[in-house]
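Have a look at the structure below, then the notes.
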Amino acid sequence: MALFAISDLHLDLKGNKPMDVFGSNWYKHDEKLKSNWEDRVKCEDTVLIAGDISWSINMEDGMQDLEWIHNLPGKKIMIRGNHDYWWSSITKLNGLYDDMKFIQNNFFLYDDYAICGTRGWVLPGTDNFSEHDQKIYNREIIRLKLSLESAKKQGINKFICMIHYPPVNEKLIESGFTQIFKEYEVEKVIYGHLHGSLSTSKAFNGELNNIEYILTSSDFLEFDPIKIL
């Protein structure tokens, strides 16, 4: 049994938004992802998916992409990304498939770890950070704490977190998210959102405050899930 991670699948099986406009490496990226996933992930494994799962706007269209993920090996645990407009009622989502679980103020178990998380948001100090951004940022801070607290109340004290947006900037200036990770002694943080060599080369990918931060954007991983445990 192993734990893998990847993010930013950006699926669109209906073909309305081909991803190769963002670079030739995205050409038929779903086929590369499927091949790598099936080679690496076994049925008893779990894969964490840190947001931007499907380009679909509504749940009806998104079901085709979710079914595609369902048919891949392993259990999947997901958080929402900024492009996941299809994301609907968390109760409805968690009733879809036995092998696919969705986090929103809750958590799921992997071995003796609680898998927690939230979408996150752009960080204070970012260019053009607005009052509206501050409201969303504050809400995401609350959601992260709710997720971790829900696990802690069950007596769990080992945590792995997913967050879609980078929780720390390239200058390693900490955020409310990193403070919470430190407070709860989270062991690993999985995040995505960043694409292209210019962005990913500046991303933090390493240890901070005894917490391992792992960038899992699918193009950064060459569409190959990374083993984290």
- Message: Taking the Cα centre as origin and putting +1 on Lys and Arg beta-carbons and -1 on Asp and Glu beta-carbons, what dipole magnitude results for the chain, to the nearest 20 debye?
- Response: 500 debye
- Query: Relative to the present Cα-Cα distance, how much length would full extension add between Asn128 and Glu212 at 0.36 nm per residue of separation?
  - Reply: 27.3 nm
- Message: If each residue of separation counts as 0.36 nm, what is the full-extension length gain between Leu13 and Lys158 once their alpha-carbon separation is subtracted?
- Response: 48.5 nm
- Note on the structure: For the stretch 97-229, the Cα gyration tensor yields equivalent-ellipsoid semi-axes (√(5λ), largest first, whole Å) of 23, 19, 14
- Message: Largest first and in whole Å, what are the equivalent-ellipsoid semi-axes of the stretch 135-188 based on the Cα gyration tensor, each being the root of 5 times an eigenvalue?
- Response: 20, 13, 8
- Message: Among His29, Ala2, Ser54, whose Cα projects farthest towards the positive end of the dipole of the stretch 1-75, with charges put on the beta-carbon of Lys, Arg (+1) and Asp, Glu (-1)?
- Response: Ala2
- Rank-order 152-163, 123-134 by packing density, defined as the average count of other C-beta atoms within 10 Å over each peptide's residues, highest first. 152-163, 123-134
- Message: Only four residue types carry charge here, +1 at the Cβ of Lys and Arg and -1 at the Cβ of Asp and Glu. Report the dipole size of the stretch 70-119 about the Cα centre in Debye, rounded to the nearest 20.
- Response: 220 debye
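Laboratory data are not the source of any read-out in this text; all were calculated from the coordinates shown. Values in this document were obtained by computation on a predicted structure and should not be read as measured data. Cβ sites come from the backbone with ideal geometry, for glycine too, and all protein chains shown count toward neighbours.
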